[in-house]
């Protein structure tokens with residue numbers, strides 16, 4: 001069914017190409033088709049890999065995500081993510097990045113439902129970064145958006 005829907009979308013895009021030459025903006029449809037293809041691919045992978053990952057391995061993946069300095073360049077970024085996206089209510093801390101991340105992992109270990117909140121938060125941030133189109137993105141913003149996108153693809157499957 002997904003493949004049929006994808007074919008129909010691509011046919012619609014093909015039919016609109018004559019109007020595109022006259023000035024119709026089809027970029028949103030192209031982006032949607034690209035995202036839909038990615039969705040299909042990830043769903044197929046999810047069904048294949050979902051059973052193989054233990055809870056401890058999932059926590060290790062989350063830890064690697066939180067340690068990624070392209071995603072969270074400063075310790076304050078990790079704390080803000082934990083506070084605003086996971087609602088953990090950390091105070092402004094003097095501890096190291098490692099200690100803060102281990103505390104976040106500890107809370108996820110004690111409340112496994114936080115893992116789902118983390119997934120939702122990462123996917124939400126990826127969508128915000130991907131669909132926010134300022135007039136000109138800096139190289140740092142592009143790298144950050146791409147990194148978040150990669151992590152979102154990984155975390156979605158845990």
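For the reader, a short list of remarks on this structure follows.
- Placing a label point 7 Å from the Cα of residue 83 along the Cα-to-Cβ line, the residues of the stretch 53-75 whose backbone N sits under 17 Å from it are 72-75.
- Sites residue 70 and residue 102, calculated FRET efficiency, Cβ-Cβ separation with R0 25 Å, nearest 0.05: 0.80
- Once both labels are positioned 7 Å from their Cα atoms along Cα-to-Cβ, the gap between residue 120 and residue 8 label points is 3.0 nm.
- Stretched out straight at 0.36 nm per residue, the stretch from residue 111 to residue 95 would grow longer than its current Cα-Cα span by 3.5 nm.
- Centre-to-centre separation between the Cα atoms of the stretch 61-91 and those of the stretch 13-34: 38 Å.
Taken together, the values in this text are just the output of simple stated rules run on the coordinates, not laboratory data. Predicted, not measured: the structure shown is a model, and the values here were computed from it. Backbone-built Cβ (ideal geometry, glycine too); neighbour counts: all protein chains shown.
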